[in-house]
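K.L.:
Dropping the structure in here first, questions after.
The values are calculated or read from the model by the stated rules, or taken from the named source; none is laboratory data. All values derive from a computational prediction rather than experimental measurement. Heads up, the Cβs are rebuilt from the backbone with ideal geometry, glycines too, and the neighbour counts pull from every protein chain shown. For accessibility, only protein heavy atoms count, side chains too; no ligands or nucleic acids. Shrake-Rupley method; radii C 1.70, N 1.55, O 1.52, S 1.80 Å.
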Amino acid sequence: MYPGSYAIKHPDRAAFIMASSGEAVSYAAFERRSNQLAHLLRDQGLKRLDHYAIFMENNDRYLESCAAGERSGLYYTCVNSFLKADELAYILQNSQSQALITSYDKLDLAVQALEQCPLVRTLLVCGPQSEPLPRIAGVRSEDFAQACQLYPDSPIADESLGTPMLYSSGTTGRPKGILRPLPDQAPSKPLPLFDFLFKLWRYREDMMVLSPAPLYHAAPQAAVSLTIRAGGTVVIMEKFDPLQYLSLVEQYKISHSQLVPTMFSRMLKLSDEQRHAFDLSSLEVAIHAAAPCPPQVKEAMIDWWGPIIHEYYGATEGLGFTACDTEQWLAHRGTVGKVLFGDLHILDEAMQVCPTGQPGTVWFKTGSPFEYFNDPEKTREATSADGTMTTVGDVGYVDNDGFLYLTDRSSFMIICGGVNIYPQECENLLITHPWVEDAAVFGVPNPDLGEEVKAVVQLMPGTEPSKAVEAELIAFCRATLAIQKCPRSIDFEASLPRLPTGKLYKRVLRDRYWSNQASRII
């Protein structure tokens, strides 16, 4: 998020616009703001390769909070804004953050977390002041804007490249900090991974980008950062709403956007009148990733938006990267693309190469080196015995043309009577039913078979849970899938624990059944 020469070349161009308020911040103002925060962080003792954290909702101070680190050689950790105090405290301590930037909306949680975080010396709070700042022993607490105004708006003397140190989403265990080596170089020169993405996604100086996802996540972080580096303008949604999204595309003539599959699903379930009420002709590139996209959903989006949809697969770790455009996907339905970065291997449990078309664990000879910060054990678990390859536990296979298909996470594989079942296929099908808003499928205990397939479903508004609904959804699955892949029973919940990034906290649901604490809602 380094504006570089664009602060001089296009000082009055909007670097970003907040979707709800329409507030626009120019490149010149963005440059001044990020410089002031960089001075403040230096004044608080943060030197190159030190760490700080950001914990807040999407707001008008988020990008400069990142940009200051990117121009002062720091690692900045953007924390999931939906975490509770203990979860936040774990990340602050694990990341060795010395400063925390938060908002007044999140202040109570931040204060609770800081009681467990002796390393944090500075607390900066963004937004309209709604309460007195707390007194925390050993911590300097200040209003963000007021504190930054005391510092120069010119660059710090020792500018160098900084980068995010983001955490895995923690859907299968404790989140892990993903640390990339940071060379001592000018902030105008990004890491090689970002150069690669810049060219792949056709970024350009006059682009208009709509960012509908939380800025703490890797995908919007990369998209927004690249847009600023390209001299384009980002429209930031405070939270995703399908109708607002479509209206913003028309209002700002959006050219590029990055989404997740749940956003596609929610837009597709609008009425025909709502979906076709807006002019979307300015869209050139719509990118999706972060979670599996049901093929039926993607086909419907291509029918609606045309051949502008690009997909990629790449974990936050950056160990490898696959991608495909619309034409490639239609020729290889269900693929997440062909390898463009890293060296892909599909291996079985004995670390032997799987035949073409046979699922195995996805490993990469890493295209972008990383380690799990402060967690050598997790780094070893993710690395092959010879140290040449890494994995995040995804399962997939490669076809004869070299295109990768993901079947699921290895941790969610169901073993039913000795048969391996990957639940993603059933989830992809359930989400297409008109009564279903969201679905999770996983294994639960069965005394004879070891595990059986269970689905937990969030129904669309106006559809009430019942035995008849359960029977209809099971029959819907059995009409398409082999019976062993289909749920034996379905429970209903008002909402599923899915992050706005599209990731599903399936472990939270699954653990209820394995701890004998499940309560069935019908």
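K.L.:
Separation of the range 93-148 and the range 426-476 by C-alpha centroid, Å?
P.N.:
42
K.L.:
If you don't mind, there's one more thing I want to ask. In whole Hz, with x marking every Gly and Pro, tabulate ³J(HN,Hα) for the range 148-164 from phi via Karplus 6.51 cos²θ - 1.76 cosθ + 1.60, θ = phi - 60°.
P.N.:
Calculated HN-Hα couplings, in order: 5, 4, 7, 10, x, 9, 8, x, 5, 5, 10, 4, 7, 5, x, 7, x Hz.
K.L.:
By how many degrees, between 0 and 90 and to the nearest 10, does the Cα long axis of helix 218-230 differ from the longest principal axis of the chain?
P.N.:
40
K.L.:
Using the Cα gyration tensor of the range 145-240, with a ≥ b ≥ c the square roots of its eigenvalues, what is the shape: rounded (a/c below 1.5), prolate (a/b larger than b/c) or oblate (neither)?
P.N.:
On the way: a/c = 1.26, a/b = 1.13, b/c = 1.11.
The shape class here is rounded.
K.L.:
From the square roots a ≥ b ≥ c of the eigenvalues of the alpha-carbon gyration tensor of the range 115-175, which class results: rounded (a/c under 1.5), prolate (a/b over b/c), or oblate?
P.N.:
On the way: a/c = 1.97, a/b = 1.18, b/c = 1.68.
In terms of gyration-tensor shape, oblate.
K.L.:
Separation between the R266 and E23 pseudo-spin-labels, each 7 Å from Cα along Cα→Cβ, expressed in nm?
P.N.:
Result for the modelled spin labels: 2.2 nm.
K.L.:
Another question, if that's okay. Considering only DSSP beta bridges with both partners in the chain, what is the antiparallel share in %, to the nearest 5? Don't skip to the end; give the middle numbers.
P.N.:
Numbers: 44 of 84 bridges.
Percentage antiparallel, nearest 5: 50.
K.L.:
Name the shape class, rounded, prolate or oblate, that the alpha-carbon gyration tensor gives for the range 1-126, where a ≥ b ≥ c are the square roots of its eigenvalues, rounded holds for a/c under 1.5, and otherwise prolate holds if a/b is larger than b/c and oblate otherwise. Walk me through the intermediate numbers first.
P.N.:
Details: a/c = 2.67, a/b = 1.51, b/c = 1.77.
In terms of gyration-tensor shape, oblate.
K.L.:
Additional query: Under a plain spin-label model, where a point goes 7 Å from the Cα along Cα-to-Cβ, how far apart in nm are D184 and D511?
P.N.:
4.3
K.L.:
Could you list which residues have their amide H under 5 Å from that of S489, counting only those 5 or more apart in sequence or on another chain, with H placed in the peptide plane?
P.N.:
A455
K.L.:
Once the dipole of the range 60-126 is set up with Lys and Arg at +1 and Asp and Glu at -1 on Cβ about the Cα centre, which of F82, N94, V125 lies farthest towards its positive end?
P.N.:
N94
K.L.:
With the full set of protein chains in place, find how many percent of the accessible area of the range 79-175 is carbon and sulfur; take the probe as 1.4 Å. Don't skip to the answer; put the middle values down first.
P.N.:
Numbers: 2160 of 4390 Å².
Here carbon and sulfur together make up 49 percent of the probe-accessible area.
K.L.:
Sequence-distant or interchain residues sharing an amide H contact under 5 Å with S20, placed H: which?
P.N.:
E238
K.L.:
Compute the normalised compactness of the chain: alpha-carbon radius of gyration over 2.2 N^0.38 Å, N being the residue count.
P.N.:
Numbers: Rg = 23.2 Å, N = 522, 2.2 N^0.38 = 23.7 Å.
Dividing the Cα Rg of the chain by 2.2 N^0.38 Å gives 0.98.
K.L.:
How do the peptides 449-460, 223-234, 144-155 rank, highest first, by the average count of neighbouring beta carbon atoms within 10 Å per residue? Numbers along the way, then the final one.
P.N.:
Working: 449-460: 20.2, 223-234: 22.9, 144-155: 15.5.
Per-residue Cβ counts within 10 Å, averaged per peptide and sorted highest first, yield 223-234, 449-460, 144-155.
K.L.:
Separate question: Quick one: Kirkwood hydrodynamic radius for the range 246-371, alpha-carbon pairs, angstrom, one decimal?
P.N.:
On the way: mean 1/r = 0.0616 Å⁻¹.
Averaging 1/r across every pair of different Cα atoms and inverting gives 16.2 Å.
K.L.:
I'd like the FRET efficiency for A471 and D399, computed as 1/(1 + (r/R0)^6) with the beta carbon distance as r and R0 of 35 Å, rounded to 0.05. The partial results should precede the final answer.
P.N.:
On the way: r = 36 Å, r/R0 = 1.03.
Rounded to the nearest 0.05, the efficiency is 0.45.
K.L.:
Karplus couplings for the range 471-476 from phi (6.51 cos²θ - 1.76 cosθ + 1.60, θ = phi - 60°), rounded to Hz, Gly and Pro as x?
P.N.:
Here the 3J(HN,Hα) series is 5, 4, 5, 5, 4, 4 Hz.
K.L.:
Shifting gears a bit: Report the accessible area of T407, computed with a 1.4 Å probe over the heavy atoms of all protein chains in place, in Å² rounded to the nearest 10.
P.N.:
Solvent-accessible area, nearest 10 Å²: 30 Å².
K.L.:
Where the only charges are on Cβ atoms (+1 Lys, Arg; -1 Asp, Glu), what is the dipole of the chain about its Cα centre, to the nearest 20 debye?
P.N.:
Details: 46 positive and 62 negative charges, 109 e Å.
Dipole of the chain, to the nearest 20 debye: 520 debye.
K.L.:
Something else: Residue by residue through the range 265-280, which ³J(HN,Hα) values in whole Hz follow from phi under the Karplus form 6.51 cos²θ - 1.76 cosθ + 1.60 (θ = phi - 60°), with glycine and proline marked x?
P.N.:
Karplus values, whole Hz, x for Gly and Pro: 4, 6, 5, 5, 8, 5, 5, 4, 4, 5, 5, 9, 7, 10, 7, 10.
K.L.:
Run the quick spin-label model on E115 and E493: label points 7 Å from Cα toward the beta carbon, then report their separation in nm to one decimal.
P.N.:
In this crude label model, E115 to E493 measures out at 2.8 nm.
K.L.:
For K47, give me every one of the lysines with a C-alpha distance below 25 angstrom, ignoring sequence neighbours fewer than eight places off in its own chain.
P.N.:
The qualifying lysines are K176, K189.
K.L.:
Still on this structure, I have one more. Using modelled amide H (1.01 Å from N, peptide plane; none on Pro or chain starts), what sits under 5 Å from the amide H of L215, excluding residues fewer than 5 places away?
P.N.:
The list, which skips near neighbours in sequence, is N58.
K.L.:
Just order 7-19, 187-199 by mean Cβ neighbour count inside 10 Å, highest at the front, would you?
P.N.:
Details: 7-19: 18.5, 187-199: 16.0.
Final packing ranking: 7-19, 187-199.
K.L.:
List the Cys residues of the chain that have no partner Cys with a C-beta closer than 4.7 Å.
P.N.:
For the chain, the answer is C66, C78, C117, C126, C148, C293, C324, C354, C416, C426, because their Cβ atoms have no other cysteine Cβ under 4.7 Å.
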